[in-house]
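Trainee: Have a look at this one before I ask anything.
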Amino acid sequence: MTTHASRTADATARAAGAATRERLGSQPAGDRVRGLLFQIVVFSAALIAIAGLIALIVQAAAKGWPRLNSDLLTNQPSSQAEEGGFQSAIFGTLLIMAGVIVTVVPLGIGTAIYLEEFADNTRWYNRLIEVNIQNLAAVPSIVYGILGLGIIVRGPLNLGFVAYAGSLTLSLLVLPTVILACRETLRAVPSSIREAALALGATRWQTTRRQVLPAAIPGMVTGVILALSRAIGETAPLLLVGATVFVTFNPDGPFEGSYTALPVAIFNYVARPQEEFRILAAAGIIVLLGVLLVMNSFAIWLRNRYATRW
Amino acid sequence: MASRESAAGSPVAPVRRPLTAARPRYGEKVIIGLLGFCGLISVAVTVGIVAALVGPTIDFFEEVSLGEFLSTQEWAPTFSDPSFGVFNIVAGSLNVTLWAIVTGIPMGLGAAVYLSEYASERVRRIVKPTLEVLAGVPTVAFGFFALTFITPLIRDVWPAFLGDPPGIFSAGAAGIVLGLMVVPIVASISDDAMRAVPHALREGAYALGGTRMQVATRVVVPGALSGIVASFVLGISRAIGETMVVLIAAGNSPKLTLNPAESIQTMTAFIATTATGDVGFGTITYKTLFAVGALLFLITLAMNLLSIRLVRRYREIYE
């Protein structure tokens, strides 16, 4: 009796379920078609964007491939496309980047430590620094070039058109990036570590120096490398602070002589109408992208290898 | 409080140790001072930018009236008979930015919706970092791509009824590539904003019978609007301030037009072209560089402040 009753109840429930599904279980055909179309549209947006960006790299690689040999790195720039290379540009870029590292690492890390570990952010001047850094990150790179021209090359610093003027300009350009990245890694160190050190009687600087910094260093190095990889590809500001487009000799030093840089030399070749120069430019782009790939991979490896999970 | 009570209760008064440092650490004060000094440098940079721009700009306006600067006459500051209608190069910047918006923003938003609402976690873990790495490709490479790939492509597929195909240099080709360049910015920031919309809202919408598309367009996108709009503004301000792509692919002829097929000159391209030539210190050409730079700085600063305000105004706060 009871089993029979429950079986009937079961069947009723199943019938009700089927009726509900028939009414509500499937979308109206119009909605289904619209949904499918929408999904196709957003999927192709992502696909086209990725495809376009990959096409950029593939096209440069395909075009520059025939010129990709050691002559490219050892020959000086030339008005003969067959003989042209990038030697002075590569030396210039190395010199500029050395200057950037020397400048931006202490400045960026120092500011990040100050803001994250010491600054009382209810004070107006500390808030001013923060708002400033946010705004600086959005200033177009060419405006940094103008700053470099007006203040570093001429004006107060009056360095002239030398490689370190380029270094300093690029340092200021990537400074906000470095500060933001370093602050992020400092913030990731749990405050219990700090509190433990302080409770044992360490001073704030001892806590920072011996507990917080060692934990944050890998992240900071990653952030610095990523910022440097942005600086290495920057062209526009260098055009204003004296990276001459055509230099056939290596730079003398950071404070003397004219200089050029890899992206500037590439720009010089791109701007020429002859096809041979464009091939040379494409080969230069491959070199630049190769350097960037190495830097980025190293940064990612470093992050994965040394990252501490709290 | 606790220590005083225990002191009163016990027969022997405990030795009170001061919790302050036994001796001042001057070295530490110096270090903190040095770190604070590093922070001040960032303020100095801003002051420096403003100072570097203001001085020569004031000099510029002593020679050229504001009326002439903000007029639609020709832009020819380097000619022996110069004229200074800045709208010609502002229009150039607007022209390429317009086409960058038309191509980049729908693509970026679409990609973000796909990543946040449709893509599996595995796809997302591959696609998003790829996009971010591609965003780091140097701008000179984007310029090369515009000149040697997009321009010939446009010229090949140009429909006859639109008139003559664009020349070697065109605002459209530069704009499309700028659009491609801002996609990673828009997609990445919008995706983050959409993922911050709580799942309960999506589930609520599904329970009311919403389809996946309705949930995406009527719940998630409005919920993440502040972040999405901020990503748009950031992308647009990047497009306005970008130099190399327009310098390589958009030409150097100041023109008051929004036609993508024309060769134009942007504010940034003017600065870069003029500065690479031999500009005498203190000449009117030199000062013009700074005046245009100041205008560019003001435009991007205004956009940045706008994006901060928009974010505040439309932010939905979820817990």
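Condition check ((1) within 10 Å of another protein chain (Cβ to nearest Cβ); (2) surrounded by fewer than 21 Cβ atoms within 10 Å (Cβ to Cβ); (3) of a type outside the set (D, E)) across all residues:
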residue: B:A146; (1), (2), (3): yes, no, yes
residue: B:F161; (1), (2), (3): no, yes, yes
residue: B:P165; (1), (2), (3): no, yes, yes
residue: B:A171; (1), (2), (3): no, no, yes
residue: B:M181; (1), (2), (3): yes, no, yes
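Trainee: State the number of residues belonging to the range A:241-267 that are modelled with pLDDT under 90, surrounded by 24 or more Cβ atoms within 10 Å (Cβ to Cβ) and not in a loop (DSSP other than H, G, I, E, B).
Mentor: Selection size over the range A:241-267: 2.
Trainee: Would you please name the residue that is surrounded by the fewest Cβ atoms within 10 Å (Cβ to Cβ), looking only at residues in the range A:187-204 that are more than 13 Å from chain B (Cβ to nearest Cβ) and part of a loop (DSSP other than H, G, I, E, B)?
Mentor: The selected residue is A:L200.
Trainee: While we're on this one: Return the pair list, or none, for Cβ contacts closer than 8 Å from residues in the range A:214-229 that are in contact (Cβ under 8 Å) with a residue 60 or more places away in the chain to residues that are not in a helix (DSSP H, G or I), at least 6 apart or on different chains.
Mentor: Every condition considered, the pairs that remain are A:A215/A:V189; A:A215/A:T308; A:P218/A:A307; A:P218/A:T308; A:G219/A:A307; A:L226/B:G136; A:S229/B:G136.
Trainee: Right, next: Tell me, which residue of the range B:86-110 that is more than 17 Å from B:A239 (Cβ to Cβ) and assigned to a helix (DSSP H, G or I) is modelled with the highest pLDDT?
Mentor: Among residues in the range B:86-110 that are more than 17 Å from B:A239 (Cβ to Cβ) and assigned to a helix (DSSP H, G or I), the one modelled with the highest pLDDT is B:G110.
Trainee: Can you name every residue in the range B:201-225 that is part of a loop (DSSP other than H, G, I, E, B) and either not assigned by TED's automatic domain parsing to the domain that holds B:G110 or not hydrophobic (A, V, I, L, M, F, W, C) (or both)?
Mentor: If the condition is that a residue be part of a loop (DSSP other than H, G, I, E, B) and either not assigned by TED's automatic domain parsing to the domain that holds B:G110 or not hydrophobic (A, V, I, L, M, F, W, C) (or both), then B:G209, B:G210, B:T211 are the ones that fit.
Trainee: What number of residues within the range B:277-294 are surrounded by fewer than 19 Cβ atoms within 10 Å (Cβ to Cβ) and either basic (K, R) or assigned to a helix (DSSP H, G or I) (or both)?
Mentor: Result for the range B:277-294: 2.
Trainee: Scan the range B:206-221 and give yes if some residue there is out of contact with any Leu (no Cβ under 8 Å at 6 or more places or on another chain), more than 10 Å from chain A (Cβ to nearest Cβ) and buried (at least 23 other Cβ atoms within 10 Å of the Cβ), otherwise no.
Mentor: no
Trainee: Right, something else. Of the conditions (1) buried (at least 16 other Cβ atoms within 10 Å of the Cβ); (2) without any contact (Cβ under 8 Å) to a residue 24 or more places away in the chain; (3) not charged (D, E, K, R), A:G17 fails just one. Which one is it?
Mentor: So A:G17 meets the others, but not (1).
Trainee: Continuing with the same structure: Just to verify a result, which residue in the range A:273-299, among those that are of a type outside the set (S, T, N, Q) and without any contact (Cβ under 8 Å) to a residue 12 or more places away in the chain, is surrounded by the fewest Cβ atoms within 10 Å (Cβ to Cβ)?
Mentor: A:P273
Trainee: Of the conditions (1) hydroxyl-bearing (S, T, Y); (2) within 8 Å of chain A (Cβ to nearest Cβ); (3) surrounded by fewer than 23 Cβ atoms within 10 Å (Cβ to Cβ); (4) closer than 21 Å to B:F69 by Cβ, B:S253 satisfies every one except a single condition; which number is it?
Mentor: (2)
Trainee: Please state which of the following conditions B:V102 fails to meet, knowing it meets all the rest: (1) of a type in the set (A, V, I, L, M); (2) at the interface with chain A (Cβ under 10 Å from one of its Cβ atoms); (3) in contact (Cβ under 8 Å) with a residue 24 or more places away in the chain.
Mentor: Just one mismatch for B:V102, condition (2).
Trainee: Do we find that B:P198 is touching an Asp or Glu at 6+ places or on another chain (Cβ under 9 Å), assigned by TED's automatic domain parsing to the domain that holds B:P260, surrounded by fewer than 14 Cβ atoms within 10 Å (Cβ to Cβ) and more than 22 Å from A:D31 (Cβ to Cβ) in this structure?
Mentor: yes
Trainee: Mind telling me which of the residues A:T222, A:T207 ends up being in a helix (DSSP H, G or I), more than 30 Å from A:Q80 (Cα to Cα) and within 12 Å of chain B (Cβ to nearest Cβ)?
Mentor: Selected residue: A:T207, the only one of A:T222, A:T207 that is in a helix (DSSP H, G or I), more than 30 Å from A:Q80 (Cα to Cα) and within 12 Å of chain B (Cβ to nearest Cβ).
Trainee: Do we find a residue being more than 21 Å from the chain's Cα centre (by Cα), touching a residue at least 12 places away in the same chain (Cβ under 8 Å) and within 11 Å of chain B (Cβ to nearest Cβ) anywhere in the range A:172-186?
Mentor: No; the residues of the range A:172-186 include none that is more than 21 Å from the chain's Cα centre (by Cα), touching a residue at least 12 places away in the same chain (Cβ under 8 Å) and within 11 Å of chain B (Cβ to nearest Cβ).
Trainee: Still on this structure: Has the range A:84-95 got at least one residue that is at pLDDT 85 or above, surrounded by fewer than 21 Cβ atoms within 10 Å (Cβ to Cβ) and under 27 Å from B:L134 (Cβ atoms)?
Mentor: yes
Trainee: Touching a residue at least 24 places away in the same chain (Cβ under 8 Å), in contact with a Leu (Cβ under 9 Å, 6 or more places away or on another chain) and in a helix (DSSP H, G or I): is that true of A:L159 in this structure?
Mentor: no
Trainee: If I filter the range A:114-133 down to residues being of a type in the set (A, V, I, L, M) and facing chain B (nearest Cβ under 8 Å), which single residue comes out as farthest from the chain's Cα centre (by Cα)?
Mentor: A:A119
Trainee: Here's a follow-up. Being within 14 Å of another protein chain (Cβ to nearest Cβ) and outside any helix (DSSP H, G or I) is the filter here; which residues of the range A:40-99 pass it?
Mentor: A:F86
Trainee: Regarding the range B:13-31, can at least one residue be identified that is over 28 Å from the mean Cα position of the chain (by Cα), farther than 26 Å from B:L296 by Cβ, surrounded by 13 or more Cβ atoms within 10 Å (Cβ to Cβ) and not acidic (D, E)?
Mentor: So far as the range B:13-31 goes, yes, one or more of its residues are over 28 Å from the mean Cα position of the chain (by Cα), farther than 26 Å from B:L296 by Cβ, surrounded by 13 or more Cβ atoms within 10 Å (Cβ to Cβ) and not acidic (D, E).
Residue by residue, here is whether (1) facing chain B (nearest Cβ under 8 Å); (2) of a type outside the set (D, E, K, R); (3) over 28 Å from B:S231 (Cα atoms) holds:
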position: A:T103; (1), (2), (3): no, yes, yes
position: A:L107; (1), (2), (3): yes, yes, yes
position: A:G110; (1), (2), (3): yes, yes, yes
position: A:N135; (1), (2), (3): yes, yes, no
position: A:G145; (1), (2), (3): yes, yes, no
position: A:R154; (1), (2), (3): yes, no, yes
position: A:L159; (1), (2), (3): no, yes, yes
position: A:L170; (1), (2), (3): no, yes, no
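The values are calculated or read from the model by the stated rules, or taken from the named source; none is laboratory data. Remember, predicted model here, so these are calculated numbers, not experimental data. So basically every Cβ, Gly included, is an ideal-geometry build from the backbone, and we count neighbours across all protein chains shown.
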